[in-house]
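Asker: Shown below is the structure under consideration.
The values are calculated or read from the model by the stated rules, or taken from the named source; none is laboratory data. Since we're looking at a predicted model, the values are computed, not measured. Methodologically, a virtual Cβ is constructed for each residue, glycine included, from the backbone with ideal geometry; neighbour enumeration extends over all protein chains shown. Accessible surface areas use protein heavy atoms only, side chains included; no ligands, DNA or RNA. Shrake-Rupley method; radii C 1.70, N 1.55, O 1.52, S 1.80 Å.
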Amino acid sequence: MTMLKLPGLIDPHVHLRDPGAIHKEDWHSGTCAALAGGFTVVLDMPNNTPPIVDAETLAAKQRAARAKAVCDYGIHFGAGADNAEIAASLAPQCSGLKMYLDQTFGPLRLDDLQSLVAHMQHFPQDVPILCHAEGRTIAAAIFVAELADRSVHICHVSRKDEIELIRAAKEKGIRVTCEVTPHHLFLTRDDCGDTNHRGIGAGKCEVRPMLASRADVEALRANLDIVDCFATDHAPHTLAEKESATAPPGYPGLETALSLYLELVREGILTLDDVIARCYENPRKIFNVPAQDETWIEVDVDAEWIARGAKMHTRAKWTPFEGRAMCGQVTRVVLRGQTVFENDCVLAKPASGKNIRPISQGEKK
Ligand code: DOR
Ligand code: ZN
Ligand code: ZN
């Protein structure tokens, strides 16, 4: 048994659904899943019902998180068509500003160029802007950020042409960072299945960006040197929702991510230090995550297990990796000197997780 001691991992991109859809996940179940996966900080997306686009909706999310979280967290604010000034004023309470430039789950979508420009110009330089942008929209996001003389973070890059565009931008010295998800590194559209119902299944397979081709997966893997962060895009929906005729897009990912990242090390594509850079050092720098004292995770790198959604802490209770042989398991998580997870049990009490942008920086009581 080889035990590794690693820093508490940071996931800059999760959807914990609270408030608004706690039958899918809430701040307690979602942060329990985070600890089980080795994450001690998660940054939560704003596409709730209602979306997090003003002081009132932000305060409601802060209250829910404060009452239930068992790991530390940040809250990304949502860019709307006419809230650029409000977003800028609330930036000190947020871990980032999320812009949805292409279609995905929920009503937060920015269609017009004017609001893209307004947010890029108004939002403070020291808080990151993250974009859900696909294909040529990535070019628009990078260009408008460059004109506004600021950096931009591109979420869940999934295709060859996208990662090559980001490489070209970086080589020009343009301030762009990016993340990739485990599902876009390990699954292709061929894994969705066929009419004989082998594979993940059509509804369950729905995700944005969609799973891509083998060539796209290979291009992501060939360009990992310019990938700043790994992010799960943990997007829980219930099994019933995913098996319905109108399946919403998204996969839960917190509890399978680290084993998959370690698989890249076993395949010889990355070193362990490369994984730590993408799951801790780079997200910490990009999102200004404060240091967590006396915090670490212990991982049995040889532990073999089978991915089973039904056994997971997420309320989604399914995984696109169902039945897959995984290697590497989190055995213990210590947060601020306390053992908060051990033997597959969460020991931390609700409300023990802290907001990385705390009250002293403006959070309302
Ligand atoms: O598949 C996705 N699901 N992609 C997104 O961008 C949003 C997410 C969700 O919130 O379900
Ligand atoms: Zn997205
Ligand atoms: Zn997302």
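Asker: Among what's in the range 217-275 and is within 16 Å of ligand 1 (Cβ to nearest atom) and of a type in the set (Asp, Glu), pick the residue that is nearest to residue 5 (Cα to Cα).
Answerer: Of everything passing the filter in the range 217-275, 233 is nearest to residue 5 (Cα to Cα).
Asker: Kindly provide the set of residues from the range 270-290 that are in a loop (DSSP other than H, G, I, E, B) and either within 15 Å of residue 95 (Cβ to Cβ) or open to solvent by 60 Å² or more (accessible area, probe 1.4 Å) (or both), ordered by number.
Answerer: First pass over the range 270-290, keeping only residues in a loop (DSSP other than H, G, I, E, B): 270-271, 287-290.
271, 287, 288, 289, 290 - these are the residues of the range 270-290 that are in a loop (DSSP other than H, G, I, E, B) and either within 15 Å of residue 95 (Cβ to Cβ) or open to solvent by 60 Å² or more (accessible area, probe 1.4 Å) (or both).
Asker: Then there's this: Counting just the residues of the range 97-118 that are open to solvent by less than 40 Å² (accessible area, probe 1.4 Å) and either more than 13 Å from ligand 2 (Cβ to nearest atom) or among the polar types (S, T, N, Q) (or both), which one comes out farthest from residue 49 (Cα to Cα)? Lay out the reasoning, then the answer.
Answerer: First, the residues of the range 97-118 that are open to solvent by less than 40 Å² (accessible area, probe 1.4 Å): 97-102, 104, 106, 108, 110, 115-116, 118.
Next, only the ones that are either more than 13 Å from ligand 2 (Cβ to nearest atom) or among the polar types (S, T, N, Q) (or both) stay: 97, 104, 115-116, 118.
Details: 97: 17, 104: 14, 115: 21, 116: 22, 118: 24 Å.
By that ranking, first place goes to 118.
Asker: Take the conditions of a type in the set (A, V, I, L, M), more than 16 Å from ligand 2 (Cβ to nearest atom), surrounded by fewer than 19 Cβ atoms within 10 Å (Cβ to Cβ) and touching a residue at least 12 places away in the same chain (Cβ under 8 Å) and apply them to residue 224. Does it pass? Walk me through it before giving the result.
Answerer: Working: of a type in the set (A, V, I, L, M): yes; more than 16 Å from ligand 2 (Cβ to nearest atom): yes; surrounded by fewer than 19 Cβ atoms within 10 Å (Cβ to Cβ): yes; touching a residue at least 12 places away in the same chain (Cβ under 8 Å): yes.
Here the answer is yes, as residue 224 does meet what is asked.
Asker: Is there a residue in the range 138-149 that is modelled with pLDDT of 95 or more and in contact with an Asp or Glu (Cβ under 8 Å, 6 or more places away or on another chain)? Explain how you work it out, then say what you get.
Answerer: So the first thing to find is which residues in the range 138-149 are modelled with pLDDT of 95 or more, and the list is 138-149.
Pick out the ones that are also in contact with an Asp or Glu (Cβ under 8 Å, 6 or more places away or on another chain) and you get 138.
Yes, because at least one residue in the range 138-149 is modelled with pLDDT of 95 or more and in contact with an Asp or Glu (Cβ under 8 Å, 6 or more places away or on another chain).
Yes or no, residue by residue, for (1) closer than 16 Å to residue 16 by Cα; (2) touching a residue at least 40 places away in the same chain (Cβ under 8 Å); (3) open to solvent by 20 Å² or more (accessible area, probe 1.4 Å); (4) charged (D, E, K, R):
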| position | (1), (2), (3), (4) |
| --- | --- |
| 37 | yes, yes, no, no |
| 41 | yes, yes, no, no |
| 50 | yes, no, yes, no |
| 94 | yes, yes, no, no |
| 125 | no, no, yes, no |
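Asker: How many of the residues making up the range 227-240 are within 16 Å of ligand 2 (Cβ to nearest atom) and either outside any loop (DSSP other than H, G, I, E, B) or more than 26 Å from residue 276 (Cα to Cα) (or both)?
Answerer: 4
Asker: A follow-up question, please. Based on this model, can you work out whether residue 64 counts as part of a helix (DSSP H, G or I), within 16 Å of ligand 3 (Cβ to nearest atom) and either among the aromatic types (Phe, Trp, Tyr) or touching a residue at least 24 places away in the same chain (Cβ under 8 Å) (or both)?
Answerer: Details: part of a helix (DSSP H, G or I): yes; within 16 Å of ligand 3 (Cβ to nearest atom): no; either among the aromatic types (Phe, Trp, Tyr) or touching a residue at least 24 places away in the same chain (Cβ under 8 Å) (or both): yes.
For residue 64, the condition - part of a helix (DSSP H, G or I), within 16 Å of ligand 3 (Cβ to nearest atom) and either among the aromatic types (Phe, Trp, Tyr) or touching a residue at least 24 places away in the same chain (Cβ under 8 Å) (or both) - is not met.
Asker: For the range 129-141, what are the residues that are open to solvent by 10 Å² or more (accessible area, probe 1.4 Å) and either touching a residue at least 12 places away in the same chain (Cβ under 8 Å) or touching a Ser or Thr at 6+ places or on another chain (Cβ under 6 Å) (or both)?
Answerer: Here is the first cut: in the range 129-141, the residues open to solvent by 10 Å² or more (accessible area, probe 1.4 Å) are 134-137, 139-140.
Listed by number, the residues that qualify are 134, 135, 137, 139, 140.
Asker: A further question follows. Could you figure out which of (1) touching a strand residue (DSSP E or B) at 6+ places or on another chain (Cβ under 7 Å); (2) of a type in the set (Val, Ile, Thr); (3) not in a helix (DSSP H, G or I) isn't true of residue 31?
Answerer: Only one criterion in (1) touching a strand residue (DSSP E or B) at 6+ places or on another chain (Cβ under 7 Å); (2) of a type in the set (Val, Ile, Thr); (3) not in a helix (DSSP H, G or I) is unmet by residue 31, namely (3).
Yes or no, residue by residue, for (1) modelled with pLDDT under 95; (2) aliphatic (A, V, I, L, M); (3) closer than 20 Å to residue 44 by Cα; (4) outside any strand (DSSP E or B):
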{"residue": "316", "(1), (2), (3), (4)": "no, yes, yes, yes"}
{"residue": "326", "(1), (2), (3), (4)": "no, yes, no, no"}
{"residue": "330", "(1), (2), (3), (4)": "no, yes, no, no"}
{"residue": "334", "(1), (2), (3), (4)": "no, yes, no, no"}
{"residue": "352", "(1), (2), (3), (4)": "no, no, yes, yes"}
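Asker: Hey, another quick one. Would you confirm whether any residue within the range 241-252 is more than 19 Å from residue 154 (Cβ to Cβ), of a type in the set (A, V, I, L, M, F, W, C) and away from ligand 2 (no atom under 16 Å from the Cβ)?
Answerer: yes
Asker: How many residues, within the range 325-339, are open to solvent by 10 Å² or more (accessible area, probe 1.4 Å), closer than 16 Å to residue 6 by Cβ and out of contact with any Gly (no Cβ under 8 Å at 6 or more places or on another chain)?
Answerer: Counting residues in the range 325-339 that are open to solvent by 10 Å² or more (accessible area, probe 1.4 Å), closer than 16 Å to residue 6 by Cβ and out of contact with any Gly (no Cβ under 8 Å at 6 or more places or on another chain) gives 5.
Asker: Give the residue that is farthest from ligand 1 (Cβ to nearest atom), with candidates limited to residues of the range 99-136 that are in contact with a Phe, Trp or Tyr (Cβ under 7 Å, 6 or more places away or on another chain) and within 21 Å of residue 248 (Cβ to Cβ). Walk me through how you get there before you give the answer.
Answerer: Step one: list which residues in the range 99-136 are in contact with a Phe, Trp or Tyr (Cβ under 7 Å, 6 or more places away or on another chain), which gives 108-110, 128-129, 132.
Now narrow it down to the ones that are within 21 Å of residue 248 (Cβ to Cβ): 108-110, 132.
Working: 108: 9, 109: 10, 110: 13, 132: 5 Å.
So, considering only residues that are in contact with a Phe, Trp or Tyr (Cβ under 7 Å, 6 or more places away or on another chain) and within 21 Å of residue 248 (Cβ to Cβ), the one farthest from ligand 1 (Cβ to nearest atom) is 110.
Asker: Then there is this: Within the set of pairs 6+ apart or on separate chains, which have a first residue in the range 145-163 that is at positive phi, a second that is crowded, with 23+ Cβ neighbours inside 10 Å and of a type in the set (A, V, I, L, M), and C-beta atoms under 8 Å apart?
Answerer: From residues that are at positive phi, the pairs are 156/180; 156/231.
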